[in-house]
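Structure record follows, encoded as structure tokens.
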Amino acid sequence: MRYTKMHGAGNSFVLIEKPRGEQKSEDLSVLALRLCSPETGPGADGMIVVTPPRGDEDLGMLFYNSDGSAGEMCGNGARCLARYGVEHGLVRDAEHIRILAPAGEVRARRITDELYELRLNDPSVIDPCCEAEGESCFYVELGEPGIPHAVIAVDESAFADLDALRELGRRLRFDPAFPRGANVSFVCSTGAGRVRAVTYERGVEDFTLACGTGCGAIAVRELLRGALPESRVEIDMPGGELSVSLKEQDGRVFDLLLTGPTAVVEEGEIRF
């Protein structure tokens, strides 16, 4: 099986093109477990199955977390897939890339050879006053079915004890307030239109170096609390910097544009 390993700001993925024949979701879950484990595969935060277009889109994607669970969509993963599609001749126009994911269609464009922009799914749920584990959370779902995100404001000093944040993130991720679980981002402001953040990802069950949809949820929070006079936020995550611009009108948030780097780590073949 041929694979390509890529990352977006440190958020890593193994990409494979859809195997021949019908594939049960259970089989793809097992494959994700094998490929994402560094003991049995290249190792990654998730697996992306590149699927043929079903309509006018350029290509489709199925996303699996490293624990084998299926995901609705992945922001950094879709940005990596956009680059993969360009470099493998799967898209018609690098400035207008259309990808169909379970959460709905997303669009991307190449800015440079490494820099790609993705229009995230618009929020379908916004709850600025969610309570979980005694913490006040800003809850957002992106797309339909929505990718669940809880955003927690912390002091910058909290980043000095990542073990404590990790344990809190794990508890929040499984809190009954989130029936499908949630990705949990901890965030603090570091200047005008700038934040520092780290995300505990559902399905990885740990912090990742970056989370694209997490950045989208953070941007929604920052915009609605009036912290983005230019409707753009630069987000410093452990794996690098991502930026999100977005719009709001009459309480509706839309046009979330996630921009950041992509990289090809390796291409190879694996036999089980």
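The values are calculated or read from the model by the stated rules, or taken from the named source; none is laboratory data. Not measured: the values here are computed from a predicted model. Note: ideal-geometry Cβ built from the backbone for every residue, glycine included; neighbour counts use all protein chains shown.
Remarks
- Residue that is nearest to Gly240 (Cα to Cα), among those in the range 123-144 that are out of contact with any Lys or Arg (no Cβ under 8 Å at 6 or more places or on another chain) and touching a residue at least 60 places away in the same chain (Cβ under 8 Å): Leu142
- Scanning the range 175-201 for residues that are in contact with a helix residue (DSSP H, G or I) (Cβ under 9 Å, 6 or more places away or on another chain), part of a loop (DSSP other than H, G, I, E, B) and more than 14 Å from Cys137 (Cβ to Cβ) yields a total of 1.
- Looking only at the range 31-43, and only at residues there that are at negative phi and touching a helix residue (DSSP H, G or I) at 6+ places or on another chain (Cβ under 7 Å), the one that is surrounded by the fewest Cβ atoms within 10 Å (Cβ to Cβ): Thr40
- Candidates Gly75, Gly68, Gly85: the one that is surrounded by 16 or more Cβ atoms within 10 Å (Cβ to Cβ) and at positive phi is Gly68.
- Whichever residue in the range 1-28 is at pLDDT below 95 and under 18 Å from Gly203 (Cβ atoms) and, among such residues, is surrounded by the fewest Cβ atoms within 10 Å (Cβ to Cβ): Glu26
- Contact map, the range 28-44: first residue touching a residue at least 12 places away in the same chain (Cβ under 8 Å) and within 17 Å of Gly71 (Cβ to Cβ), second residue in a helix (DSSP H, G or I) and among the hydrophobic types (A, V, I, L, M, F, W, C), Cβ cut-off under 8 Å, separation 6 or more or different chains; pairs are Ala44/Leu35; Ala44/Cys36.
- Within the range 221-268, being aliphatic (A, V, I, L, M), part of a strand (DSSP E or B) and over 18 Å from Leu118 (Cα atoms) holds for one residue alone: Val265.
- Taking the conditions (1) buried (at least 21 other Cβ atoms within 10 Å of the Cβ); (2) hydroxyl-bearing (Ser, Thr, Tyr); (3) farther than 30 Å from Glu17 by Cβ in turn, Ser136 satisfies each one other than (1).
- Any hit, the range 205-214, residues being within 24 Å of Leu168 (Cα to Cα) and of a type in the set (Phe, Trp, Tyr): yes
- Thr213 assigned to a helix (DSSP H, G or I), in the same structural domain as Glu133 (by TED's automatic domain parsing) and out of contact with any Phe, Trp or Tyr (no Cβ under 9 Å at 6 or more places or on another chain): yes
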